[in-house]
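Pasting in a structure now, in structure tokens, and then I'll have a few things to ask.
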Amino acid sequence: MMSLIQSLDNSILLYIKNNMHGYIMDRAMVIITSLGNGGFIWIIVAVLLMSNKKYRNIGFMALGALILSTILGEGILKHIVQRIRPSADIPAVNLLISKPLSYSFPSGHTTTSFAVTGVLAKYFKDYALEFFSLASLIAFSRLYLYVHYPTDVLAGIILGLICSRITIYMFSRVSQHSIVSM
């Protein structure tokens with residue numbers, strides 16, 4: 001089963017490499033992936049929301065989802081699974097970005113992007129498509145740049161959305177308790 005998954009992962013990466021690469025896409029994917037470096041774009045969004053009294057709680061939820069997803073994905077799962085990145089498995093690939101030093105599974109860029117997007121989409125429904133589009137572009141950039149397998153990205157999407165749900169649930173429980181105790 002694992003060899004079938006690995007084979008499918010490799011086939012998808014080779015398809016992207018052989019059919020989608022070009023000068024403009026190379027430049028665009030490097031820029032898009034950099035938005036997810038260290039959760040950069042999501043931290044900015046959270047800080048902007050926290051600086052506005054009306055949206056402060058949503059900003060804290062976004063930051064909470066980012067932190068939870070980082071702990072679970074980068075801090076725990078990557079060290080349990082220890083999957084080598086595709087760029088290390090296939091050394092002939094010329095990377096367009098610095099070689100990531102951590103393990104591959106799950107994709108941290110994808111996990112944090114979908115964790116924050118899950119929160120933002122719940123509270124800003126009119127912009128849900130834009131949030132999910134940006135998160136999906138960041139996720140795809142990780143495949144395009146050959147630093148993650150498709151299953152790393154899929155796991156990141158699932159874990160990120162689970163983290164957003166946990167965060168929303170925990171914040172709603174805390175706000176219910178604070179209302180009851182008043």
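Mind telling me which of the residues PHE114, PHE105 ends up being touching a Lys or Arg at 6+ places or on another chain (Cβ under 7 Å), closer than 19 Å to SER141 by Cβ and among the hydrophobic types (A, V, I, L, M, F, W, C)?
Going through PHE114, PHE105 in turn, the sole match is PHE105.
Which residue is surrounded by the most Cβ atoms within 10 Å (Cβ to Cβ), if the candidates are limited to the range 140-167 and must be of a type in the set (Phe, Trp, Tyr) and at pLDDT below 95?
TYR149
Answer with yes or no whether PHE124 is over 11 Å from the mean Cα position of the chain (by Cα) and open to solvent by less than 80 Å² (accessible area, probe 1.4 Å). So that I can check it myself, show each step before the final result.
Numbers: over 11 Å from the mean Cα position of the chain (by Cα): yes; open to solvent by less than 80 Å² (accessible area, probe 1.4 Å): yes.
Yes.
Can you tell me how many residues within the range 1-51 are modelled with pLDDT under 95 and part of a loop (DSSP other than H, G, I, E, B)?
Number satisfying all stated conditions: 5.
Yes or no: the range 86-97 includes at least one residue that is surrounded by 21 or more Cβ atoms within 10 Å (Cβ to Cβ) and either over 19 Å from the mean Cα position of the chain (by Cα) or among the small types (Gly, Ala, Ser) (or both).
Checking the range 86-97: not a single residue is surrounded by 21 or more Cβ atoms within 10 Å (Cβ to Cβ) and either over 19 Å from the mean Cα position of the chain (by Cα) or among the small types (Gly, Ala, Ser) (or both).
Being more than 22 Å from GLY64 (Cβ to Cβ), among the basic types (Lys, Arg) and part of a helix (DSSP H, G or I), is that true of even one residue in the range 136-151?
yes
Among the residues of the range 23-73, count how many are open to solvent by less than 60 Å² (accessible area, probe 1.4 Å) and on the phi < 0 side of the Ramachandran plot.
Number of matching residues: 28.
Inside the range 84-137, can you point out the residues that are of a type in the set (Asp, Glu) and at pLDDT below 95?
ASP89
The values are calculated or read from the model by the stated rules, or taken from the named source; none is laboratory data. Quick caveat: nothing in here was measured; it's all calculated off a predicted structure. Because the Cβ atoms are built from the backbone with ideal geometry, glycine has one as well, and the counts that use them run over all protein chains shown. Heavy atoms of the whole protein, side chains included, go into the accessibility calculation; ligands, DNA and RNA do not. Shrake-Rupley method; radii C 1.70, N 1.55, O 1.52, S 1.80 Å.
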